[in-house]
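> I have a structure here, written as structure tokens, and I will follow up with some questions on it.
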Amino acid sequence: MTFLIHGATGAQGAPVLAALLPVIPDVRAAVRDAAAYRGGGVPVSVDLSSVDSLAAAYAGVDGVFVHLPIGSPAQQAEHAAAIVAAVRRARPARVVVSTSGGRIDVPEAAGSPLDVLVRGIRDAGVALAVVEPRLYLENLLLPVVVGPVRTEGVLRYPIRDDYAVSWSSHLDVADVVARLLRDPSVTGTVGVGALPALTGRDLAAAFAEHLGRDVRFAARTPDEFGADIIPLFGEEGARPVIEAYRWRATQASEAIDAATSAQARLGLTPRTPGEWLRDIGV
């Protein structure tokens, strides 16, 4: 079997690559510059804006893992259109898409780059599984978040005190993607995340136990959070993130559907926040 993993040096692709390498002999790492790549697998240079580049990489493979990288809406739209066109041309046997925390099941998602990507691949008639996490535990490792946890014992994050989320880690998503690539019988949406969903207080409690000190949760506004992350991601990259948290402020909660969860569909249970902290060695 041959799998191609987009973003093989990034936060999402690298754990998928690591999960597959021990069990799959032919794993290809889709990167910008194959000559500069030093990781595992076989490097393949791809340009997310080029249909020709993507189609050449997809030709003859058994599975592709893809997600839209952080960027402006225009950049993401360009990448989504190119990926869909390449899938239609090369017709890989299977595609697994991560929504990267985005939503495709809400009215405001219609016409978004993620919606274009998922609908385009589905309409192409290629076997498709959509991995749908909510918020990533790795978000808590941003310096503006984990720094105050360590220095002040305060976990500040832009969600309400009562906002329950099916948090998951990139490691959990990688476990699900690796299973889906190897098992083409499972199609459709697979939610990834904690059930029951967790509040900020639950996360603070996990940090407190792991660090051996008191940690409390403190809600922030999306704009306060945005002011801190713009220097990290740039204005264009941070703006969709800020808007996503503004949207969350209008919602009651953000739990995955138990019926389509990885727990129900694949028998895979995500790490608890405490297990995640242990596994990454924070």
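> Has the range 203-210 got at least one residue that is modelled with pLDDT of 95 or more, under 20 Å from the mean Cα position of the chain (by Cα), surrounded by 14 or more Cβ atoms within 10 Å (Cβ to Cβ) and assigned by TED's automatic domain parsing to the domain that holds T151?
Within the range 203-210, one or more residues are modelled with pLDDT of 95 or more, under 20 Å from the mean Cα position of the chain (by Cα), surrounded by 14 or more Cβ atoms within 10 Å (Cβ to Cβ) and assigned by TED's automatic domain parsing to the domain that holds T151.
> Hey, another quick one. State whether one or more residues within the range 84-104 are in contact with a strand residue (DSSP E or B) (Cβ under 9 Å, 6 or more places away or on another chain), of a type in the set (D, E, K, R), over 20 Å from F233 (Cα atoms) and in the same structural domain as A11 (by TED's automatic domain parsing).
Yes, there is a match, as at least one residue in the range 84-104 is in contact with a strand residue (DSSP E or B) (Cβ under 9 Å, 6 or more places away or on another chain), of a type in the set (D, E, K, R), over 20 Å from F233 (Cα atoms) and in the same structural domain as A11 (by TED's automatic domain parsing).
> Identify, from the list H79, H67, the residue that is in contact (Cβ under 8 Å) with a residue 12 or more places away in the chain and within 17 Å of V177 (Cβ to Cβ).
On the way: H79 fails: within 17 Å of V177 (Cβ to Cβ).
Unique residue meeting the criteria: H67.
> Answer yes or no: is there a residue in the range 109-129 that is in contact with a Ser or Thr (Cβ under 6 Å, 6 or more places away or on another chain) and within 17 Å of S50 (Cα to Cα).
No - not one qualifying residue is present in the range 109-129.
> I need the full set of residues from the range 216-235 which are under 19 Å from the mean Cα position of the chain (by Cα) and not aliphatic (A, V, I, L, M), in order please.
Once the filter is applied, which keeps residues that are under 19 Å from the mean Cα position of the chain (by Cα) and not aliphatic (A, V, I, L, M), the range 216-235 yields only F233.
> Moving to a separate point now. Output the residues belonging to the range 258-282 that are charged (D, E, K, R) and at pLDDT below 95.
R278, D279
> Going through R179, R213 one at a time, which residue ends up being among the charged types (D, E, K, R) and either surrounded by 13 or more Cβ atoms within 10 Å (Cβ to Cβ) or under 22 Å from L17 (Cα atoms) (or both)?
Selected residue: R179, the only one of R179, R213 that is among the charged types (D, E, K, R) and either surrounded by 13 or more Cβ atoms within 10 Å (Cβ to Cβ) or under 22 Å from L17 (Cα atoms) (or both).
> Here's a check for you: in the range 125-180, which residue that is in contact (Cβ under 8 Å) with a residue 60 or more places away in the chain, in a helix (DSSP H, G or I) and among the β-branched types (V, I, T) is farthest from F65 (Cα to Cα)?
Across the range 125-180, the extreme among qualifying residues is V149.
> Determine, yes or no, whether S49 is closer than 21 Å to A77 by Cβ, more than 17 Å from the chain's Cα centre (by Cα) and without any contact (Cβ under 8 Å) to a residue 60 or more places away in the chain.
Judged against the criteria, S49 is a match.
> Being over 22 Å from A174 (Cα atoms) and in a helix (DSSP H, G or I) is true for just one of A14, A77, A19, A57. Which residue is that?
None of the others qualify; the one that does is A77.
> Now for a separate question. If I ask for residues that are among the hydroxyl-bearing types (S, T, Y) and assigned to a helix (DSSP H, G or I), which ones from the range 181-211 would you list?
If the condition is that a residue be among the hydroxyl-bearing types (S, T, Y) and assigned to a helix (DSSP H, G or I), then no residue fits.
> Filter the range 256-279 down to the residues that are outside any loop (DSSP other than H, G, I, E, B) and free of Cβ contacts under 8 Å to residues at least 12 places away in the same chain, then identify the one that is surrounded by the fewest Cβ atoms within 10 Å (Cβ to Cβ).
Among those that are outside any loop (DSSP other than H, G, I, E, B) and free of Cβ contacts under 8 Å to residues at least 12 places away in the same chain, it is A259.
The values are calculated or read from the model by the stated rules, or taken from the named source; none is laboratory data. In this text, all values refer to a predicted model and were calculated from it rather than measured experimentally. In this analysis, Cβ positions are derived from the backbone assuming ideal geometry, glycine residues included, and neighbour counts consider all displayed protein chains.
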